[in-house]
Structures are given as C-alpha cells and as structure tokens.
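Notes follow the structure.
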Amino acid sequence: MDSLFVPFLAQFDDAAWLRTIDRIAHAMHPVDRAPTRVWFHLYPLALDRLMTKATDPHAVAQRLLLKGRWCLAQQIDSSHTFLYGHRFWPDVRQAVIEYATRGSAPSSLDLGAQIKELAGEVSRRLGRETELLVGIVAIGLRTLQQVGLERMIGAPGTIRMPPSWRRRTPEQV
C-alpha cells in the first residue's frame, strides 16, 4: 500500500515535532497537554534512527544505559496508556491509516493543521470534543512516522485500560 503521507512525515525531526506540539497545545484538553509532550520525549526519533542504523542495537542500548521498553514498534498500542486520549486509540489508529492512504493531497502542508484536521474528523465520528483527540492524534501520526504504515496496519488497535477508568471524565482524571 503506497502512501505519499509517510514520506511527508519523514521531513520532521524531534525538534520540529516539539515545536508543532507547543504550537497546537492550546487546542488540546489540559488533561493531555503535558502527557502528550512527555510521550514525545519518551520515543525520540533520533534514538529510533540510531537503533535502526546500528549493527548491534542491543550493544547500543547497553552503552546508552537504556532501561525499560524504549522501542515504539513493540508497543504501538500501549505506549500511550497514560494519556486520557488512549481510550480513543482504536478509532485514532484507523483514522491515521485512512489519512495516510488517501489518494488526495491534505488540505494543508502544515503538520499542526493536519493534526487538528484529523482530530476534528475523529471527534465528529465519535461525538466527542476535538480537544480530547488532538494529543492522541499527534501521537498516532508520529507513531506512523516512526514505525511505518505496515506495522501501523498490523497493530491490533486495542486499548489497555480497566473499564472503571474508561468511564472517568477528563475532570475526574
């Protein structure tokens, strides 16, 4: 499946993503503003690119003293469980895949505008406030950039959240 959108995303590095997140933070619900920014620091593109190029990623991980689960490709559906927006992941993941495989050009070449546009589309589908989706949509697009379309499609798109947490409002969180 070909996508012109994935090469478009490839032009953005960590600094460009953080500038974009800072620029659209006002459009995010406060419950996910800081967690979204934290997520972008937990899964830096620079580390992913370093590991992709390394002949022995395990040795590099040891040298960098990496602990925990740092490989985004191994946790596409679970890397963002600490966000309120995680509850919307199955729909966001599907929308990101659809957005990436559209035959038409996006309405803007501004990444922030695209994030807000896609968040608006998902919010209309779900009948939820757009501001609750902006952070998780940004994470979805960055995940697409980092893991690629095939892996994104291959992820089951499930959420890991106790049912009692799913009923919580942003204000309760």
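The values are calculated or read from the model by the stated rules, or taken from the named source; none is laboratory data. Just so it is clear, the structure is predicted and the values come from calculations on it, not from any experiment. FYI the Cβ positions are ideal-geometry reconstructions off the backbone, even for glycines, and counts take in every protein chain you see. With ligands, DNA and RNA removed, areas are computed over all heavy atoms of the protein, side chains included. Shrake-Rupley method; radii C 1.70, N 1.55, O 1.52, S 1.80 Å.
Taking all protein chains as shown and a probe of 1.4 angstrom, LEU141 keeps an accessible surface of around 0 Å². Under 15 Å from the Cβ of PRO156, count the other residues' Cβ atoms, weight Lys and Arg +1, Asp and Glu -1, and hand me the total. Within the 15 Å Cβ shell, the charges total 0.
For region 79-141, rounded, prolate or oblate, judged on the Cα gyration tensor with a ≥ b ≥ c (square roots of eigenvalues), a/c < 1.5 rounded, else prolate if a/b > b/c? It is prolate, given that a/c is not under 1.5 and a/b is the larger ratio.
Among HIS29, HIS86, the order of accessible area from largest down is HIS29, HIS86, computed with a 1.4 Å probe on protein heavy atoms.
For region 1-149, what does the alpha-carbon gyration tensor say about shape, rounded, prolate or oblate, given a ≥ b ≥ c as the root eigenvalues, a/c under 1.5 as rounded, and a/b over b/c as prolate?
Because a/c hits 1.5 or more and a/b exceeds b/c, region 1-149 counts as prolate.
For the set ILE76, ILE153, solvent exposure ranked by accessible area (probe 1.4 Å, protein chains only) runs largest to smallest as ILE153, ILE76. For the chain, with all protein chains in place and a probe radius of 1.4 Å, 54% of the accessible heavy-atom surface sits on carbon or sulfur.
Summarising the overall dimensions of region 27-79 from its C-alpha atoms, the Rg and Dmax are 13.3, 41 angstrom.
Per-residue extension of 0.36 nm, minus the Cα-Cα distance of LEU42 and ARG125, leaves a gain of 26.9 nm for this segment. Computed with a 1.4 Å probe over protein heavy atoms only, the accessible surface of the chain comes to 52 Å² per residue. Between ASP22 and GLN62, the FRET efficiency from the beta-carbon distance, with R0 = 35 Å, is close to 0.60. Exposure check, 1.4 Å probe, all protein chains in place: HIS41 carries approximately 110 Å² of accessible surface.
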